[in-house]
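This report concerns only the one structure given below.
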Amino acid sequence: MKHYEVEILDAKTREKLCFLDKVEPQATIAEIKNLFTKTQGKSLKDEDVLQKLPVGTTATLYFRDLGAQISWVTVFLTEYAGPLFIYLLFYFRVPFIYGHKYDFTSSRHTVVHLACICHSFHYVKRLLETLFVHRFSHGTMPLRNIFKNCTYYWGFAAWMAYYINHPLYTPPTYGAQQIKLALAIFVICQLGNFSIHMALRDLRPAGSKTRKIPYPTKNPFTWLFLLVSCPNYTYEVGSWIGFAIMTQCLPVALFSLVGFTQMTIWAKGKHRSYLKEFRDYPPLRMPIIPFLL
């Protein structure tokens, strides 16, 4: 049987790190990773079959040091638990936030309590989805991302919570009608977001990295797949727009805008990836907004 010889180099210096001989033709990158780990104590990744790679019987691989890594699950749990806890500090008006006379007092406005319920529900949902729903194609991400992500989520949570729970906060201009409309938008979008996450989860068997074209299911909330590639982002933005209408709070509106901008970038990237990977990808779909964007 023909065997391969695999040479592994540092991607920056081109310095030879390891030479593996008599590698089986059917060996996957994950198996080569294990061989490399035994000799160098480092890690490669992925499940591509060596025989299918565009190499001869002598293969050259490049090693790239990704720096300190942290699991996606850890990052998500940290960045989502923070806003949940921070918002409640402002809601319960713990000392040193609004002044001594307001310590542990309660707002007289119903919308403030409703907003706390909605905000808490959103992040509890995210935490539970991280633990029981999401299946990550990559196990880790750079450690520095946890600081960037937490600054974004925690900072905005504190900013919006400060104003919504402030003793001088005033309810929305159009009162109960505005609040009811906003609550309906928020609830519908939360249900839609969860439905999309479940549909995406069902596309990827546990323990695999299989990629398939997502299609609508019997669940009406998934029918948005007919028009957009990333309806989970569409619903996510919709949730925050509903929350902004409900609270009529500028920081929430800015958070929605920033989030929309970032999710549009992610959606466009994923849309391009779908088009490149699947020749029969539905041509009418847009990345995040039907018919527009």
With segment 150-293 reduced to its Cα atoms and the Debye formula applied, log10 I(q)/I(0) at q = 0.13, 0.14, 0.15, 0.20 1/Å amounts to -0.66, -0.75, -0.83, -1.21
For residue 278, the accessible surface traced by a 1.4 Å probe with all protein chains present amounts, in square angstrom to the nearest 10, to 30 Å²
For 227-236, 185-194, ranked highest to lowest by mean beta-carbon neighbours within 10 Å, the order is 227-236, 185-194
At the level of C-alpha centres, the distance separating segment 70-127 and segment 240-258, in angstrom, is 16 Å
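Quick check: with the 1.4 Å probe, what order do 270, 12 take by accessible area, largest first?
Details: 270 70, 12 165 Å².
Order by accessible area, largest first: 12, 270.
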Ratio for segment 154-237, C-alpha Rg to 2.2 N^0.38 Å, reads 1.49
Rounded to whole Å, √(5λ) for the Cα gyration tensor eigenvalues of segment 115-195, largest first, gives 29, 19, 9
Any trypsin sites (Lys or Arg not before Pro) in segment 143-223 that lie in a DSSP loop and have at most 13 other Cβ atoms within 10 Å would be 209, 211, 212, 218
Using a 1.4 Å probe on heavy atoms of the protein chains only, the accessible area for residue 266 in Å², nearest 10, reads 120 Å²
For 100, 122, the accessible-area ranking with a 1.4 Å probe, largest leading, is 100, 122
extent check for segment 86-152: Cα max minus min per principal axis, descending, whole Å, gives 49, 25, 14
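The values are calculated or read from the model by the stated rules, or taken from the named source; none is laboratory data. As the structure is a computational prediction, the values presented were derived from the model and not from experiment. Quick reminder, even Gly has a Cβ in these numbers, built from the backbone with ideal geometry, and neighbours come from all protein chains shown. When the accessible area is computed, the model is the full protein with side chains, heavy atoms only, and any ligands, DNA or RNA have been set aside. Shrake-Rupley method; radii C 1.70, N 1.55, O 1.52, S 1.80 Å.
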